[in-house]
Amino acid sequence: MIKKISVRQLQVGMFVHDFSCHWMDHPFMRNRLMITSDDEIRKVIEAGIHELYIDTGKGLDVADAPTAEQAQDALEKELVAIAARQPAAVARVSLAEEIDRARQIKNQAHQLVRTVMHDARLGKAIELDQVEPVVQSITESILRNPGALTGLLRIKNKDDYTFLHSVSVCTLLVAFCRSAGMDAGLTQQAGLGGLLHDTGKALVPDEILNKPGRLTDAEFDVIRKHPKDGYDILAKMPGIGAVPLDITLHHHERMDGSGYPDKLPGDSISTLAQMAAIVDVYDAITADRCYHKGMSAAEALRKIYEWSKFHFNPQHVQAFMRCVGIYPVGTLVRLESGRLGVVIEPHETNLLAPKVRAFFSTRSNTYIKPVDIDLSKPLGMGGGDKIMSHEPPEKWRVDPMKFFDLAQ
């Protein structure tokens with residue numbers, strides 16, 4: 001049986017099933033392991049882990065601890081309450097109208113980040129006037145239809161992850177800022193920070209950055225230098241603002257003071273750095289890497305919400321969830337009708353009733369002609385269905401993103 005416990009209840013002889021944190025935030029070579037020493041418990045505490053899941057079938061039990069199912073049921077009730085509140089993002093044009101422009105912007109931004117990282121590695125100056133127009137294009141696409149570009153950026157080649165991650169963080173952070181009602185100038189500065197936040201990784205050796213497995217303590221130390229290295233590189237850019245520098249330096253800080261490089265606690269972290277931290281982790285844990293299988297966007301939001309009690313600002317996490325939707329664009333969902341569909345657009349007022357493109361029947365286990373369904377409408381008006389669950393694509397051996405972008 002899987003149970004959720006406080007780190008204060010962790011003992012030698014317990015089997016950790018899930019550290020309940022991003023894999024980069026704990027120091028162990030494996031994500032599941034038997035606790036064999038007090039030193040390992042100390043490492044868990046020092047990593048800023050407050051709650052975790054144990055497997056009582058493989059190790060010691062905690063009699064009164066809630067089961068994983070009980071913990072998840074309580075979490076789902078909280079998420080439904082959040083979903084009842086009105087989201088901020090509204091599409092001005094349809095997905096079909098924006099998808100081609102969004103694809104061009106994605107490719108342009110991808111190439112720019114590749115160039116920036118290459119120049120940074122060679123010690124060349126980064127030109128602000130090369131970066132600002134790309135951030136502006138991303139912002140304009142988000143204003144037209146937030147789901148087009150964010151959906152396309154769900155598709156990442158493992159070899160290009162470092163570059164596309166920066167584009168994704170920029171795009172999601174711009175969307176987050178706009179949904180929070182921030183003005184255009186501050187949103188532009190945040191977008192610059194998102195696009196450039198990982199510039200310091202240009203100085204991390206490729207054998208560490210792309211290592212197909214867990215990092216050693218020494219390799220972790222190298223990785224953890226990238227925020228300060230990035231800050232030092234960007235500080236040499238004429239005209240760079242305080243916001244991009246702050247996001248670059250502090251996007252790995254955590255509210256409980258367990259982050260890096262400065263271990264800033266709570267309100268010592270700026271609002272935009274707090275927002276960037278959420279976006280950065282969300283994109284990282286949804287991406288496939290050579291050493292890590294990405295989780296679904298819906299599951300990632302649930303994890304981040306769970307972690308927000310300690311690592312993130314809960315109000316910002318809830319605002320981000322309203323921005324991208326409980327079922328974000330690109331999520332594979334199973335409908336009451338037995339069909340599978342990919343979410344193509346959030347609803348303006350109901351996070352539980354997005355627009356979905358159904359393309360597969362679970363009852364016949366076959367593909368069907370794609371059909372768009374507005375889950376907020378009744379049968380006969382383009383709706384008449386509802387989401388039962390989000391689904392892992394590998395379970396059904398389907399690729400929902402092929403049906404998200406039918407024009408490709």
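The values are calculated or read from the model by the stated rules, or taken from the named source; none is laboratory data. Everything numeric in this text was worked out from a predicted model, so none of it was measured. When we count neighbours, we look across all protein chains shown, and the Cβ atoms used for this are built from the backbone with ideal geometry, even at glycine.
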Test result for residue 70, of a type in the set (S, T, N, Q) and exposed (fewer than 13 other Cβ atoms within 10 Å of the Cβ): yes
Filtered residues of region 321-372 (kept if of a type in the set (Val, Ile, Thr) and either under 17 Å from residue 402 (Cα atoms) or surrounded by fewer than 22 Cβ atoms within 10 Å (Cβ to Cβ) (or both)): 329, 331, 333, 342, 343, 344, 349, 356, 362, 366, 368, 371
Helices (runs of 4 or more DSSP H) contained in region 32-135 and holding at least 1 residues modelled with pLDDT under 95 and polar (S, T, N, Q): 68-83
Selection within region 12-31 - part of a strand (DSSP E or B) and either surrounded by fewer than 18 Cβ atoms within 10 Å (Cβ to Cβ) or in contact (Cβ under 8 Å) with a residue 60 or more places away in the chain (or both): 15, 18
Filtered residues of region 117-145 (kept if without any contact (Cβ under 8 Å) to a residue 24 or more places away in the chain and surrounded by 24 or more Cβ atoms within 10 Å (Cβ to Cβ)): none
Some residue of region 47-68 being outside the structural domain of residue 387 (by TED's automatic domain parsing), within 27 Å of residue 316 (Cβ to Cβ) and without any contact (Cβ under 8 Å) to a residue 24 or more places away in the chain: no
Matching helices (runs of 4 or more DSSP H) fully within region 217-306 where at least 1 residues are assigned by TED's automatic domain parsing to the domain that holds residue 132 and among the polar types (S, T, N, Q): 242-250, 271-286
Some residue of region 146-153 being crowded, with 22+ Cβ neighbours inside 10 Å, closer than 17 Å to residue 323 by Cβ, polar (S, T, N, Q) and not assigned by TED's automatic domain parsing to the domain that holds residue 343: yes
